[in-house]
(Lines give C-alpha, C1' and ligand atoms only; values in the text may rest on other atoms or scores of the structure.)
Protein backbone atom coordinates (compact mmCIF):
# COMPACT_ATOMS: atom_id res chain seq x y z
CA UNK A 1 0.00 0.00 0.00
CA UNK A 2 1.39 3.40 -1.00
CA UNK A 3 1.67 5.86 1.87
CA UNK A 4 -0.48 8.97 1.81
CA UNK A 5 2.52 11.31 1.41
CA UNK A 6 4.03 9.35 -1.50
CA UNK A 7 0.60 9.06 -3.12
CA UNK A 8 0.16 12.85 -2.92
CA UNK A 9 3.59 13.42 -4.51
CA UNK A 10 2.86 11.02 -7.36
CA UNK A 11 -0.66 12.33 -7.90
CA UNK A 12 0.47 15.97 -8.04
CA UNK A 13 3.24 15.08 -10.52
CA UNK A 14 0.76 13.15 -12.67
CA UNK A 15 -1.91 15.85 -12.69
CA UNK A 16 0.40 18.83 -13.28
CA UNK A 17 3.36 17.24 -15.13
CA UNK A 18 5.60 18.57 -12.37
CA UNK A 19 9.01 16.92 -12.48
CA UNK A 20 10.26 14.82 -9.59
CA UNK A 21 13.52 12.94 -9.02
CA UNK A 22 13.51 9.30 -7.96
CA UNK A 23 16.59 7.65 -6.45
CA UNK A 24 16.78 3.87 -6.34
CA UNK A 25 18.28 1.86 -3.53
CA UNK A 26 21.98 1.02 -3.90
CA UNK A 27 22.29 3.19 -6.99
CA UNK A 28 23.97 6.51 -7.74
CA UNK A 29 21.59 7.11 -10.63
CA UNK A 30 18.44 9.20 -10.55
CA UNK A 31 15.32 9.23 -12.73
CA UNK A 32 13.87 12.67 -13.46
CA UNK A 33 10.41 13.04 -14.95
CA UNK A 34 6.69 13.17 -14.26
CA UNK A 35 4.31 10.38 -13.34
CA UNK A 36 2.12 9.01 -16.14
CA UNK A 37 0.36 6.29 -14.13
CA UNK A 38 0.75 4.45 -10.83
CA UNK A 39 -0.96 1.96 -8.54
CA UNK A 40 -0.16 0.49 -5.14
CA UNK A 41 3.04 -1.18 -6.36
CA UNK A 42 4.23 0.16 -9.74
CA UNK A 43 4.60 3.54 -11.44
CA UNK A 44 5.17 4.70 -15.01
CA UNK A 45 7.48 7.72 -15.30
CA UNK A 46 7.92 9.88 -18.37
CA UNK A 47 11.68 10.33 -18.20
CA UNK A 48 12.92 13.84 -19.02
CA UNK A 49 16.55 14.34 -20.02
CA UNK A 50 18.81 17.07 -18.63
CA UNK A 51 17.97 19.07 -21.77
CA UNK A 52 14.24 18.98 -20.97
CA UNK A 53 13.42 16.44 -23.69
CA UNK A 54 11.17 13.40 -23.39
CA UNK A 55 13.43 10.37 -23.14
CA UNK A 56 11.27 7.26 -22.86
CA UNK A 57 9.02 5.67 -20.27
CA UNK A 58 10.29 4.03 -17.08
CA UNK A 59 8.29 1.30 -15.36
CA UNK A 60 9.49 0.62 -11.82
CA UNK A 61 8.32 -0.76 -8.51
CA UNK A 62 7.58 1.94 -5.94
CA UNK A 63 9.32 0.01 -3.16
CA UNK A 64 12.55 0.06 -5.20
CA UNK A 65 12.73 3.85 -4.82
CA UNK A 66 14.80 5.07 -1.90
CA UNK A 67 13.79 8.74 -2.06
CA UNK A 68 11.37 11.05 -3.86
CA UNK A 69 12.81 14.54 -4.43
CA UNK A 70 10.88 17.64 -5.42
CA UNK A 71 11.40 21.34 -6.05
CA UNK A 72 15.21 21.56 -5.91
CA UNK A 73 17.24 23.89 -8.15
CA UNK A 74 18.18 21.19 -10.65
CA UNK A 75 14.55 20.08 -11.07
CA UNK A 76 13.44 23.69 -11.49
CA UNK A 77 15.98 24.12 -14.30
CA UNK A 78 14.94 20.94 -16.13
CA UNK A 79 11.27 21.86 -15.60
CA UNK A 80 11.88 25.20 -17.28
CA UNK A 81 13.57 23.48 -20.22
CA UNK A 82 10.72 20.96 -20.45
CA UNK A 83 8.05 23.67 -20.36
CA UNK A 84 9.92 25.53 -23.11
CA UNK A 85 10.52 22.38 -25.18
CA UNK A 86 12.44 22.96 -28.40
CA UNK A 87 13.51 26.48 -27.43
CA UNK A 88 17.22 25.76 -26.90
CA UNK A 89 18.96 27.43 -29.85
CA UNK A 90 20.64 25.29 -32.47
CA UNK A 91 24.39 25.45 -32.95
CA UNK A 92 25.15 28.68 -34.77
CA UNK A 93 28.96 28.77 -34.94
CA UNK A 94 30.12 26.42 -37.70
CA UNK A 95 33.77 27.41 -38.24
CA UNK A 96 36.56 29.26 -36.45
CA UNK A 97 39.75 30.80 -37.78
CA UNK A 98 42.73 29.43 -35.86
CA UNK A 99 46.26 30.70 -35.36
CA UNK A 100 49.62 28.98 -35.55
CA UNK A 101 51.06 31.36 -32.95
CA UNK A 102 52.42 29.88 -29.73
CA UNK A 103 49.91 31.99 -27.76
CA UNK A 104 47.00 30.60 -29.80
CA UNK A 105 44.59 31.10 -26.92
CA UNK A 106 45.10 34.88 -26.97
CA UNK A 107 44.74 35.04 -30.74
CA UNK A 108 41.50 33.07 -30.53
CA UNK A 109 40.07 35.37 -27.87
CA UNK A 110 41.09 38.45 -29.87
CA UNK A 111 39.11 37.12 -32.83
CA UNK A 112 35.90 37.11 -30.77
CA UNK A 113 35.39 33.42 -31.52
CA UNK A 114 32.81 33.09 -28.70
CA UNK A 115 30.37 35.64 -30.21
CA UNK A 116 28.93 36.28 -26.74
CA UNK A 117 28.18 32.59 -26.13
CA UNK A 118 29.21 30.37 -23.24
CA UNK A 119 32.57 28.75 -23.70
CA UNK A 120 34.30 25.90 -21.88
CA UNK A 121 37.84 25.97 -20.57
CA UNK A 122 40.00 22.91 -19.94
CA UNK A 123 43.08 23.40 -17.78
CA UNK A 124 46.20 21.24 -18.16
CA UNK A 125 44.34 18.39 -19.88
CA UNK A 126 42.19 17.83 -16.79
CA UNK A 127 38.76 16.25 -16.89
CA UNK A 128 37.25 19.35 -15.24
CA UNK A 129 35.46 21.56 -17.77
CA UNK A 130 34.41 25.05 -16.70
CA UNK A 131 31.56 26.93 -18.42
CA UNK A 132 31.36 30.71 -18.52
CA UNK A 133 31.14 33.99 -20.43
CA UNK A 134 34.30 35.82 -21.42
CA UNK A 135 34.55 38.92 -19.24
CA UNK A 136 38.07 40.10 -20.01
CA UNK A 137 41.45 38.88 -21.21
CA UNK A 138 44.96 40.03 -22.05
CA UNK A 139 47.98 38.26 -23.48
CA UNK A 140 48.41 36.14 -20.35
CA UNK A 141 45.09 35.86 -18.50
CA UNK A 142 41.44 35.02 -19.20
CA UNK A 143 38.60 36.07 -16.91
CA UNK A 144 35.29 34.17 -17.05
CA UNK A 145 31.88 34.69 -15.47
CA UNK A 146 31.15 31.13 -14.36
CA UNK A 147 27.66 29.71 -15.07
CA UNK A 148 26.32 26.57 -13.39
CA UNK A 149 24.30 23.77 -15.00
CA UNK A 150 21.14 25.42 -13.64
CA UNK A 151 21.92 28.74 -15.37
CA UNK A 152 23.05 30.61 -12.25
CA UNK A 153 26.09 32.88 -11.99
CA UNK A 154 28.82 31.30 -9.90
CA UNK A 155 31.43 34.00 -9.45
CA UNK A 156 34.41 35.00 -11.56
CA UNK A 157 37.32 32.75 -12.46
CA UNK A 158 40.70 33.82 -13.82
CA UNK A 159 42.96 31.47 -15.77
CA UNK A 160 46.49 31.66 -17.08
CA UNK A 161 46.30 31.33 -20.87
CA UNK A 162 49.40 29.14 -20.89
CA UNK A 163 47.53 26.55 -18.78
CA UNK A 164 44.53 26.36 -21.11
CA UNK A 165 44.75 23.19 -23.18
CA UNK A 166 41.29 23.30 -24.78
CA UNK A 167 38.49 25.78 -25.51
CA UNK A 168 35.03 24.97 -26.85
CA UNK A 169 32.05 27.09 -27.84
CA UNK A 170 28.38 26.58 -28.74
CA UNK A 171 28.10 23.08 -27.23
CA UNK A 172 24.61 21.76 -26.43
CA UNK A 173 25.32 21.86 -22.68
CA UNK A 174 26.52 25.45 -23.03
CA UNK A 175 23.44 26.41 -25.04
CA UNK A 176 21.25 24.81 -22.36
CA UNK A 177 23.00 26.76 -19.58
CA UNK A 178 22.81 30.01 -21.54
CA UNK A 179 19.10 29.46 -22.25
CA UNK A 180 18.44 28.99 -18.51
CA UNK A 181 20.67 31.96 -17.70
CA UNK A 182 18.80 34.22 -20.14
CA UNK A 183 15.39 33.02 -18.94
CA UNK A 184 16.29 33.73 -15.30
CA UNK A 185 17.67 37.19 -16.15
CA UNK A 186 14.47 37.94 -18.08
CA UNK A 187 12.34 36.82 -15.14
CA UNK A 188 14.36 38.98 -12.73
CA UNK A 189 14.04 41.97 -15.06
CA UNK A 190 10.27 41.57 -15.32
CA UNK A 191 9.89 41.18 -11.56
CA UNK A 192 11.96 44.29 -10.89
CA UNK A 193 9.92 46.22 -13.45
CA UNK A 194 6.57 45.46 -11.84
CA UNK A 195 4.81 48.59 -10.67
CA UNK A 196 3.55 48.31 -7.15
CA UNK A 197 0.01 49.62 -6.58
CA UNK A 198 -0.11 52.98 -4.90
CA UNK A 199 -1.07 52.92 -1.25
CA UNK A 200 -4.55 54.19 -0.38
CA UNK A 201 -4.15 57.33 1.70
CA UNK A 202 -7.13 58.58 3.57
CA UNK A 203 -7.68 62.23 4.41
CA UNK A 204 -9.75 63.30 7.35
CA UNK A 205 -12.52 65.71 6.53
CA UNK A 206 -11.73 69.21 7.67
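The values are calculated or read from the model by the stated rules, or taken from the named source; none is laboratory data. Predicted model only: the values in this text are computed from it and were never measured. Note that each Cβ is placed from the backbone with ideal geometry, even for glycine, and that neighbours are counted across all protein chains shown.
Quick notes
A quick yes/no check of all residues on (1) loosely packed, with under 13 Cβ neighbours inside 10 Å; (2) at pLDDT below 95; (3) assigned to a strand (DSSP E or B):
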| residue | (1), (2), (3) |
| --- | --- |
| 6 | no, yes, no |
| 15 | yes, no, no |
| 23 | no, yes, yes |
| 31 | no, yes, yes |
| 34 | no, no, yes |
| 40 | yes, yes, no |
| 46 | no, no, yes |
| 50 | no, yes, no |
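- Scanning the range 110-143 for residues that are over 19 Å from residue 172 (Cβ atoms), part of a strand (DSSP E or B) and in contact (Cβ under 8 Å) with a residue 24 or more places away in the chain turns up 123, 134, 137, 142.
- Pairs where the first residue, in the range 24-40, is in the same structural domain as residue 70 (by TED's automatic domain parsing) and farther than 12 Å from residue 60 by Cβ and the second is loosely packed, with under 10 Cβ neighbours inside 10 Å and at pLDDT below 95, C-beta under 6 Å, 6+ apart: 40/1
- Filter result for the condition that a residue is in contact with a helix residue (DSSP H, G or I) (Cβ under 9 Å, 6 or more places away or on another chain), more than 16 Å from residue 182 (Cβ to Cβ), assigned by TED's automatic domain parsing to the domain that holds residue 108 and modelled with pLDDT of 95 or more, over 142, 135: 142
- Residue match in the range 56-71 (condition: under 26 Å from residue 171 (Cβ atoms) and either assigned by TED's automatic domain parsing to the domain that holds residue 149 or in a loop (DSSP other than H, G, I, E, B) (or both)): no
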